[in-house]
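Following: one structure in structure tokens, then a few remarks.
The values are calculated or read from the model by the stated rules, or taken from the named source; none is laboratory data. As the structure is a prediction and not an experimental result, all values here were calculated from the model. A quick note on method: Cβ atoms are made from the backbone with ideal geometry, for glycine too, and the neighbour counts reach across all protein chains shown.
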Amino acid sequence: MAQPKYSTHLGMVDILPDEIRKWQFLENLIREEAHKFNFEEIRTPIMEQTELIVRGLGQLTDIVSKEIFAFSRGDDNYVLRPELTAPVVRAYVENHLDQRGGSQKLYYIGPMFRAERPQKGRQRQFHQFGVEVIGSSDAVSDVEVIAFMIHIYHKIGITNTTLKLNSIGDPDSREAYKDALRTYLKPNYEKLSEISKKRFEKNPLRILDSKEEEDQPLIENAPLITDYLNEESVSHYSRVKEYLTDLGISFEEDPYLVRGMDYYTQTAFELISPDLGAQDALAGGGRYDLLIEEIGGQPTPAVGFAAGIERLFIACEELGIDLGGEKEVDVYIVTLGDHARRWGLKQLPKLREKGVSATMDYMGRSMKAQMKDANRENARYAIIVGENELNEGKFTFRDMKESKEEALSFEEISNLLAEQSA
Ligand code: AMP
């Protein structure tokens, strides 16, 4: 085969018709289940102002410092959205969604962009679904968000997962902990990796998240955030754990879990799968009570998660779960001659009107080739039409699976098909 002249960018892939069914299945499932939780969908633009993402996520995060796709046009600076929490919060503030009353329970599905080094489970354009509940500080909202996340994986059959849970406290607890962490790290400052040195002053918590080898021995003996939580933070964390237990959702506490973005407060969580290999995080999230104010809104508590769709599919593959099923069409009209072909074209809308999926040959092929095509298209039935059939008003109705045929009127056929697909 000739080498194609153009290709997708590194880390970006086409989703082809043979794979699309699993995407559609998952997206439908998410929408149905979100409806049961009374979450409403929100869709925001693919591009956002650079400043929103920088402020929202934090200058020193990996995403902002290394991974954003950014460009400018005239005086405007754009980024391809690397995640959706900051954009959803921007939409909440910009559109005064607080005026709808109560807490806003939002969900999304869509593509995100990060210029990471591609590997299995890591792409530059990838897809997430997620939930943001804005306006509630109650642990009920943390737990409903986590419950929804786990519910989706369970519905699909991915049950071999671990929910890791931590609290990084409210701003007061975090300040106390940051001080303790700096005091502990200071004598070993020179041993820290370059990136951790940069984080030392402004956000030493992120050092705990470091993957750099030289940081690991220091991280192992670091003080634990859980020892620095104030009463309010302890009480919120305890309620989250109690409510999770009430729902029968098991979790593993991980005092080193801090998550990538700066806007998190209190609850932090991650869903890990042993079926994923090196990139083992299926989803992650937490509470971000500081973000809304940070980007110009009124102080408003919020909690959410984001889940990687490609990683969910990798887990499915490993577990032998087939979400897509076979391509199929209810009926294929096989025609002989121009007269029959025009008749077939006119019957298609009538069948579709009755909820039947129907197709015919577009290539002017022989009857034999059309039968082959009907098989390839996985047609459940075929209607075979030639001049004789048209004259008699009786058509060969073939059950492709059972290889059985009978002669029926078009009305009889369309009623049968409508019944089958009802
Ligand atoms: P984050 O927004 O970084 O908390 O990521 C949430 C989830 O999105 C992760 O747990 C992954 O499942 C998925 N994810 C993040 N980055 C990528 C990527 N570059 N490629 C594929 N999936 C990703």
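Could you list all residues from the stretch 271-281 that are within 11 Å of the ligand (Cβ to nearest atom) and at pLDDT below 90?
276, 279, 280
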Quick check: is even one residue across the stretch 308-326 within 13 Å of the ligand (Cβ to nearest atom), part of a strand (DSSP E or B), under 22 Å from residue 104 (Cα atoms) and in the same structural domain as residue 122 (by TED's automatic domain parsing)? no
Looking for something of a type in the set (S, T, N, Q), more than 26 Å from residue 82 (Cα to Cα) and part of a loop (DSSP other than H, G, I, E, B) - is there at least one such residue anywhere in the stretch 166-183? no
For the stretch 1-28, how many residues are farther than 20 Å from residue 84 by Cα, in a helix (DSSP H, G or I) and touching a helix residue (DSSP H, G or I) at 6+ places or on another chain (Cβ under 7 Å)? 1
Collect the residues in the stretch 63-85 that are exposed (fewer than 15 other Cβ atoms within 10 Å of the Cβ) and within 15 Å of the ligand (Cβ to nearest atom), keeping them in residue-number order. 65, 66
Looking at the stretch 184-270, what helices (runs of 4 or more DSSP H) fall wholly within it and have at least 2 residues that are at pLDDT 95 or above and within 28 Å of the chain's Cα centre (by Cα)? 231-246
Tell me, yes or no, whether the stretch 127-140 has at least one residue that is charged (D, E, K, R), over 30 Å from residue 9 (Cα atoms) and within 16 Å of the ligand (Cβ to nearest atom). yes
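Report yes if residue 387 is away from the ligand (no atom under 16 Å from the Cβ), touching a His at 6+ places or on another chain (Cβ under 8 Å) and either not assigned by TED's automatic domain parsing to the domain that holds residue 90 or not polar (S, T, N, Q) (or both), otherwise no.
Working: away from the ligand (no atom under 16 Å from the Cβ): yes; touching a His at 6+ places or on another chain (Cβ under 8 Å): yes; either not assigned by TED's automatic domain parsing to the domain that holds residue 90 or not polar (S, T, N, Q) (or both): yes.
Taking the combined requirement at face value, the residue satisfies it.
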Mind checking which pairs have a first residue in the stretch 347-372 that is of a type in the set (Ser, Thr, Tyr) and a second that is assigned to a helix (DSSP H, G or I) and at pLDDT below 95, Cβ under 9 Å, 6 or more apart or different chains? 357/421
Here are 93, 54: which of them is without any contact (Cβ under 8 Å) to a residue 40 or more places away in the chain and either in the same structural domain as residue 271 (by TED's automatic domain parsing) or assigned to a loop (DSSP other than H, G, I, E, B) (or both)? 54
Answer residue from the stretch 279-288, given it is buried (at least 20 other Cβ atoms within 10 Å of the Cβ) and either not aromatic (Phe, Trp, Tyr) or not assigned by TED's automatic domain parsing to the domain that holds residue 92 (or both) and is farthest from residue 149 (Cα to Cα) among those: 287
Residue match in the stretch 284-291 (condition: more than 16 Å from the ligand (Cβ to nearest atom), in contact (Cβ under 8 Å) with a residue 40 or more places away in the chain and part of a loop (DSSP other than H, G, I, E, B)): yes
Can you find a residue in the stretch 345-354 that is assigned to a loop (DSSP other than H, G, I, E, B) and either under 29 Å from the mean Cα position of the chain (by Cα) or under 24 Å from residue 27 (Cβ atoms) (or both)? no
Those residues of the stretch 371-422 which are part of a helix (DSSP H, G or I) and basic (Lys, Arg), in sequence order: 372, 376
State whether one or more residues within the stretch 25-41 are at pLDDT below 95 and under 20 Å from the mean Cα position of the chain (by Cα). no
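Of the residues 81, 100, 117, which is in contact with a Ser or Thr (Cβ under 8 Å, 6 or more places away or on another chain) and charged (D, E, K, R)?
Working: 100 fails: in contact with a Ser or Thr (Cβ under 8 Å, 6 or more places away or on another chain); 117 fails: in contact with a Ser or Thr (Cβ under 8 Å, 6 or more places away or on another chain).
None of the others qualify; the one that does is 81.
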Could you tell me whether any residue of the stretch 151-159 is basic (Lys, Arg) and either in a strand (DSSP E or B) or within 16 Å of the ligand (Cβ to nearest atom) (or both)? no
